[in-house]
Amino acid sequence: MLSTLLHLRIPFSYFLLAVYLFALAISPNFYGSQLIWSFVIIHFMLYPASNGYNSYFDKDEKSIGGLKNPPPVNKSLYHVSLLLDLAAIVLAYWKISFFFAMMILIYGLISKAYSHPSIRVKKYAILGWLTVGIFQGCFTFLMCYVGINNLEIESLMNNKVIIPALLSTVMLLGNYPMTQVYQHEEDAKHGDNTMSMLLGIRGTFIFVQAVFVLAAVGFILYFNSFFNSQLSYAFIISLLPVVLFFMIWFYQVWKDNSKANHSRTMWLNFISATCLNLFFVYFFLMNSHL
């Protein structure tokens, strides 16, 4: 049972929290119960179920996101991941709405297609990259927005919602190859061809840097267009620790590829998640007074 709990990687949800907080920051219609239930369903059920399902079929022996030394998986992990998915769908329908429950179901199905050997989207570099970017970015943003506010599909059809959803995808498209940069050997063993493998270690850093700049410009334009320049400045300041760590690490990797390891990847994820989470909390507090 300990192995199953570890492979659910519940603390890893912290690295995905920024998308939820971004959706919360622009939410017009949330109440305490919606906020609590949407948060619990997504971060303590949906994400762990996806992690567990992915771990069961990967059967990784080396470091993965959130686990430096993953224990062997067993059948209970498979069953628990499916039960968590089912619980997430039922609670989403019971506590929030049918529409939110359907979005939870779709996310779960896509995450299974990503990992299951009969489909294994993960083994296709560009398709896997786009799938993660779109569904952990844009789709998840919209899912969080619907869950937090208990709104229907027509509420999503405006630029103030669609643009940040798309920005979330750009953010994930830049972040995801970095989570693969230390796993080339393990992924090759499974027959997976990841985006980072396609780019190479140095190429991954260069590519991520370019996407990061694109995302930053998009966020700044969004804040300036719909809110104010103060948020743009705060966003830039919040990212300075991320940029500093990334550039130092990039310099080290340029001289020695072995520096592209699990430990430094997790540190980048932690710094990036912390800075973005704090910024979006600030954005939420500022927006509530605008």
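The values are calculated or read from the model by the stated rules, or taken from the named source; none is laboratory data. Values in this document were obtained by computation on a predicted structure and should not be read as measured data. Virtual Cβ from ideal backbone geometry, glycine too; neighbours counted across all protein chains shown. Surface areas here come from the heavy atoms of the whole protein model, side chains and all, with no ligands, DNA or RNA. Shrake-Rupley method; radii C 1.70, N 1.55, O 1.52, S 1.80 Å.
At-a-glance table
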item	result
Some residue of segment 77-98 being assigned to a helix (DSSP H, G or I), over 21 Å from the mean Cα position of the chain (by Cα), over 16 Å from Leu173 (Cα atoms) and hydroxyl-bearing (Ser, Thr, Tyr)	yes
Filter result (of a type outside the set (D, E, K, R) and surrounded by 19 or more Cβ atoms within 10 Å (Cβ to Cβ)) within segment 185-207	Thr194, Met195, Ser196, Met197, Leu199, Thr204, Phe205, Phe207
Complete set of residues in segment 108-142 that are under 22 Å from Leu86 (Cβ atoms) and hydroxyl-bearing (Ser, Thr, Tyr)	Ser111, Tyr114, Ser115, Ser118, Thr140
Qualifying positions in segment 118-157 - within 27 Å of Gln34 (Cβ to Cβ), more than 12 Å from the chain's Cα centre (by Cα) and either assigned to a loop (DSSP other than H, G, I, E, B) or not hydrophobic (A, V, I, L, M, F, W, C) (or both)	Tyr145, Gly147, Asn149, Asn150, Leu151, Glu152, Glu154, Ser155, Met157
Any pair with Cβ under 7 angstrom, 6 or more apart, that starts in segment 144-168 at a residue that is touching a residue at least 12 places away in the same chain (Cβ under 8 Å) and ends at one that is assigned to a helix (DSSP H, G or I) and open to solvent by 60 Å² or more (accessible area, probe 1.4 Å)	Lys160/Phe226
Any hit, segment 5-26, residues being over 28 Å from Pro164 (Cβ atoms) and open to solvent by less than 40 Å² (accessible area, probe 1.4 Å)	yes
Criterion violated by Phe139 - all others in (1) surrounded by fewer than 22 Cβ atoms within 10 Å (Cβ to Cβ); (2) under 29 Å from Ile89 (Cβ atoms); (3) touching a helix residue (DSSP H, G or I) at 6+ places or on another chain (Cβ under 6 Å) satisfied	(3)
Count of residues meeting criterion [surrounded by fewer than 19 Cβ atoms within 10 Å (Cβ to Cβ), farther than 29 Å from Glu186 by Cα and aliphatic (A, V, I, L, M)] in segment 241-283	2
